[in-house]
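Read-outs: derived from the displayed coordinates by stated rules, not from any lab. Computed from a prediction, not measured in an experiment: that's the story for all the values here. No Cβ is skipped: glycine too gets one built from the backbone with ideal geometry, and neighbour counts run over all protein chains shown.
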Amino acid sequence: MAVLLGLVLAATSLNAASSASARETPVLRHTSLGLVRGVDESRSTGTYSWLGVPYAEPPVERLRWRAPVTHRPWRGVRDTRRFGDGCIQEGRFFSPAPSGPHYGLDIRDGLKKPVGAEDCLTLNVFRPSTPRKNLPVIVFVHGGSNMVGYSADPMYDGRALAREAGAVVVTVNYRLGVFGWLDLPGPGGARNGSANFGTLDQIEALRFVDRNARAFGGDPSNVTVMGESAGAVNVWALMVSPLSKGLIDKAIPLSGGLQFATPAAARTYAEKFTEEAAGPAPDPGEAVRRLRSMPAGELVRAQVRLGAEAGDPPRVIADGSVLPTDHHAAIEAGRYRDIPVLAGNTAEEGKLFGSVIGAYRPTDYQRFTWQYRFDPDRPSRLDVGDFIADRYLPADGPGGWNEEAGRLTDSIFGGIVLDSMDSLKAAGSDRLFYYRFGWNQQPVPFDTVYGAVHAIDLPFLFRSFDEGVFAFSFSRRNEPGRLQLSQLMTDSVRAFVRTGSPQHSGLGARWQQWPRSMVFDAGDRSATARPGAFGG
């Protein structure tokens, strides 16, 4: 009996010691769904991270085209040391590789094919490897036209931003394309609720953050939602959604604005897509049943086929439920999140959209290959004419690439940010800030082909220069200037998420409110920040 009692006491002591050790492990955290174990990089990057944390049940089978359902709790410790799959999508430049959620040359092999997975509703958390608590939280919503993208893109690696901004950084996957926004007809279709599934995913992720920020040392009462391109469109949508109340405290929408699809456009597309994917059906209910039973890859292929005729599916729908039918009226009536806003644009956004006007000479496959293999520290035989069609050359001539890309910049981006910021200002918002990004120091020929192109500011904000779509831009020669510029920008984010103003001493100038701006730029050796105005 004494021996047995001794064994029990020893086991109890061992378990207690083990539990104490577990509590002391900095990457073992208790969330509302269960324990998660992350990655300790305190010695190498100065951060802790938790990757592929599920926030909602997999949106498959009966949950396809349904509002997200909070993930069920799990038993034991969940390993969160690898990114979750990107959401199923048509392969494009900013998609994951066919072999998984990573960046590589094989991304080109997935172009126009189904990549990613339908089981994808995960998020990633990064924070400095310090004991500090009540850190600001930044939730980043990736771009990609709400058609493509994934939170594991190395351009959005949150480690350096978390460290430099002294914040908890969260990057989010959400449903895309026809999986994220499809207004299905008939019983069981979206029209009995909302077709904004991708938007609802983002709101569910914000709810997870609200419930679990403290588990990672964050302050749930200080959450900044940040996004670029379609991610910025989503941030603006969240600002006017009645469902975001109490979930966001500041906003950083970059290269995007209030831009909603009409219910009529969504319905028209859904009808065409249903016929394309499911074929003729005796009634809408049968068509929806067929769609729900189809493999996800087949639905992506149908989306690609229909794209040649009808374009991409309408996204972010003004349904009167998740989003207002008239965002201008909602803002005028005060039905929006009146929070500090830091918006921004790059000076040459349009240079990423040459395919819209037939300006790119190579196929996307060839262009991706050249850029991936380009060594920014070695001379290259590539020139502007390898990338840009003859009718847009010389690039700086009348009707040339620079001029036509400027028109794209104005038509795609200028109007929506002007309208969005002016709408808030007219409604009385008095914490509106804006920047313009002008860095164009890439090696030849990319300084002309792209320059201050759409999304090129993201590697500066995330300090993610080593890998990703724009890695060809960053050489040893331009490193001193771009690192200084990156520091100016991350310090601005650090200030903004704490105070609601991006002003800090390193700028050397006063950052005035909208419609004034701060112009960020750099040469090879040094960076500058100077006051300016919208569009200049």
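When the gyration tensor of the range 187-299 is built from Cα positions, what are the square roots of 5 times its three eigenvalues, in whole Å, from largest to smallest?
Sorted largest first and rounded, they come to 34, 16, 12 Å.
Per-residue ellipticity at 222 nm computed for the chain from its helices equals -9500 deg cm²/dmol, with DSSP H segments shorter than 4 residues left out and the rest contributing -39,500 (n - 2.57). Between ILE317 and ALA261, the built amide H atoms are under 5 Å apart, and every one of these is 5 or more places off in sequence or on another chain. Dividing the mean sequence gap of close Cα pairs (under 8 Å, 6+ apart) by how many residues the range 341-533 holds gives a relative contact order of 27 percent.
Close amide H contacts of THR47 (hydrogens built in the peptide plane, cut-off under 5 Å, sequence separation of 5 or more or a different chain): GLU41, SER42, SER129.
Listed values for the range 108-115 are Karplus-derived 3J(HN,Hα) couplings in whole Hz (6.51 cos²θ - 1.76 cosθ + 1.60, θ = phi - 60°), namely 5, 6, x, 4, 6, 10, x, 9, and x replaces Gly and Pro.
Computed 3J(HN,Hα) for the range 214-220, one whole-Hz value per residue from the Karplus formula 6.51 cos²θ - 1.76 cosθ + 1.60 where θ = phi - 60°, is 5, 4, 10, x, x, 9, x, glycine and proline marked x. Under a 5 Å amide H cut-off, with hydrogens placed 1.01 Å from N, TRP514 pairs with LEU432, PHE433, TYR434 among residues at least 5 apart or on other chains. Fraction of C-alpha pairs exceeding 19 angstrom in the range 394-502: 57 percent, rounded to a whole number.
Sorted by average packing, counted as other Cβ atoms within 10 angstrom per residue and highest first, what order do 361-370, 173-182 take? Show your work: numbers first, answer last.
Details: 361-370: 15.3, 173-182: 28.1.
Ranking, from highest mean packing down: 173-182, 361-370.
Packing-wise, with mean Cβ within 10 Å as the measure, how do 491-500, 381-390, 342-351 rank, highest first? Walk me through the intermediate numbers first.
On the way: 491-500: 20.5, 381-390: 15.3, 342-351: 25.3.
Descending packing order for the listed peptides: 342-351, 491-500, 381-390.
Across all Cα atoms of the range 200-248, the radius of gyration (one decimal) and Dmax (whole number) stand at 10.8, 30 Å. Counting only residues at least eight positions apart within a chain, or on another chain, the lysines with an alpha carbon under 22 Å from that of LYS133 are LYS250. In terms of Cα atoms, the Rg and Dmax of the range 352-429 work out to 17.2, 54 Å.
Extents of the range 341-533, largest first, come to 50, 34, 26 Å (Cα atoms, principal axes, whole angstrom).
Coupling constants for the range 145-161 follow from the phi torsions by the Karplus curve (6.51 cos²θ - 1.76 cosθ + 1.60, θ = phi - 60°), and in residue order they are 6, 6, 10, 9, x, 6, 6, 8, 3, x, 5, 9, 4, x, 5, 5, 5 Hz; glycine and proline get x.
Working from the Cα coordinates of the chain, the gyration tensor eigenvalues give, after taking √(5λ), semi-axes of 36, 31, 24 Å in decreasing order.
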